[in-house]
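Inspection log for the structure reproduced underneath, given as C-alpha cells.
The values are calculated or read from the model by the stated rules, or taken from the named source; none is laboratory data. Note that the structure is predicted; figures quoted are calculated from it, not measured. Positions of Cβ are backbone-derived with ideal geometry, glycine not excepted, and every protein chain shown enters the neighbour counts.
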Ligand SMILES: [Cu+2]
C-alpha cells in the first residue's frame, strides 16, 4: 500500500512539473524568446536524467527486496536433480536482459540530455546507416542464438524419455529402475494413480470411464489394474527417479510442481510425461525455510504454527482450465524410503473385515469391482497371488501390532517388514511373514505386554532425514 501511494505521488509530481514546463513553453512562444526554450530543454533533459537514476535504483532495490521470493534465489533453489539446469537458464536470461535493459534505459535518457536543443547545436539527418543497422541486428541475434541453444540443450537434457529396458518398480534400487505414477487432470481435480506392488499401471480405455466407479476407465480384465490405487496426495521417496504420465480427461490442464521445476501440459487424447528426481525431503525444506524471517510468522490457516512448519510441496494446475481451476491442488510429500513404503502399505489397506475382505483399500478393483459382475479376474492366478500377499500382510500386521511396544523387536522386524512391503508374489510375502512371526514369537496377537509406551508409538512413520545420511537396512 505504502509503495502504491509513493508511486502515485511520484506520478502526480511528474505531471505537475510537465504542466509547468508547458506553461513556460507557451509563454516563450508568445514572447518569441529562444533562450527560454533552451532553458526548458535543459531543465527537462536534466529532470529525465534524475528520473532515470531514481528509476534504475528502484529496479535494483525491488530486485533485492523480492530476492527471497524469486525462483532460483534465497530458499527457492530447485529441489530436484534437473532443477539447477532450469534455474541457471532463468538466471542467465535474467542477467542478459537486465544488462540490455540498463544499457538501453541509460542511453534513452542520456541521449535526450546530450542532444537537447540548445544554442548553436544543429540536428543531423541520416536516411540510413548500414554499419549501425548491422550492429543492432547482429548483436541481438548472436545473443538470442546463445539463449535459444542453451534452452534447447536444457530441454533435451530434461525431457529425454527413459530407455525401453528401464523398469518401473515400487522402490527403485538400481540405476535403471524408476517409479511410474500417473496424474490425470479433470475439471477440477487431479486424479492420481499409483501402480501398486507390480510397479505397472494397468491399461485404460476412455470408453470405460464411469464417474462413480471407474473415473479413469481402467480395463478390469488387465491384471495390472488389480493393485493400482488412487491416493489423495503424491508421496515419493527422496533421491529416486520418478516418471509421471500426464493425461487429461476434458480440457487442457498443466502438471506443475514449482519447487521441482516440473511443468508439463496435460492434453486430452495425447499422453505426456515428465521425469524428475526429488532431492530435498519435505522436512529438510521446512528446515531450510525456518531460517527465513518471512517464514517465521504465524500461518494464516493454523495460527498456532509458523509458516515454515506447515509448508508442503504442491502440485498445481498451471493452465487456466475453467472456473474451479484454483482448486486443482494436491499436496506432494517427499519422504524417506521407510516412510514412503509405510504410506504405500497404508494406501493398499491391511486389515481384514469379518467377511475376510481387506479393508481400507484404495485400489479401485477391491473397492468397486471385487465380487461384482465386472470381476472377470476373480479366479485368475494374479488375483490369487495378490490375495495371498494381502493375507500374509494382514497376519504380519496383527503380529507387529501385538509387539509394537517392544523397541528391540521392532528394530529386528524392519528387514522382513520391508521385504513384505515389496513382495510381489504370495510366496515371498509368506516367507517375510514367517520371519516376522519368528521374531515376534513371544507375543500373542491378543495379549500385549506392558512396556514403556513412550518409546515407540508408531512403527511405520519413522522420522528419518535421508538427505543427511542413508539409513542402514
Ligand atoms: Cu486445470
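Test each condition in (1) away from the ligand (no atom under 16 Å from the Cβ); (2) at pLDDT 90 or above for residue 328 and report the one that comes out false.
(1)
Quickly run through segment 288-325 and pick out the residues that are more than 20 Å from residue 193 (Cβ to Cβ), assigned to a loop (DSSP other than H, G, I, E, B), more than 16 Å from the chain's Cα centre (by Cα) and within 16 Å of the ligand (Cβ to nearest atom).
Selection gives 320, 322, 323, 324.
If you go through segment 225-257, how many residues are in a strand (DSSP E or B) and within 12 Å of the ligand (Cβ to nearest atom)?
So the answer is 6.
Give the residue that is surrounded by the fewest Cβ atoms within 10 Å (Cβ to Cβ), with candidates limited to residues of segment 187-213 that are within 16 Å of the ligand (Cβ to nearest atom) and under 18 Å from residue 364 (Cα atoms).
The residue in question is 191.
Suppose we filter segment 70-87 for residues that are free of Cβ contacts under 8 Å to residues at least 60 places away in the same chain and over 20 Å from residue 242 (Cβ atoms); how many remain?
Going through segment 70-87 one residue at a time, the tally reaches 3.
Test residue 342 against the stated conditions and say whether it is buried (at least 17 other Cβ atoms within 10 Å of the Cβ) and either outside the structural domain of residue 172 (by TED's automatic domain parsing) or away from the ligand (no atom under 16 Å from the Cβ) (or both).
Answer is yes for this residue.
Which pairs do you get when a residue that is part of a loop (DSSP other than H, G, I, E, B), found in segment 264-275, comes within reach of a residue that is more than 16 Å from the ligand (Cβ to nearest atom), reach meaning Cβ atoms under 8 angstrom, with the pair 6+ apart or on two chains?
What qualifies is 271/245.
Would you check which residues across segment 96-144 are touching a residue at least 60 places away in the same chain (Cβ under 8 Å) and farther than 27 Å from residue 58 by Cβ and list them?
Matches in segment 96-144: 117, 118, 119.
Please verify whether segment 259-274 includes one or more residues that are within 24 Å of residue 420 (Cβ to Cβ), more than 16 Å from the ligand (Cβ to nearest atom), surrounded by fewer than 19 Cβ atoms within 10 Å (Cβ to Cβ) and within 18 Å of the chain's Cα centre (by Cα).
no
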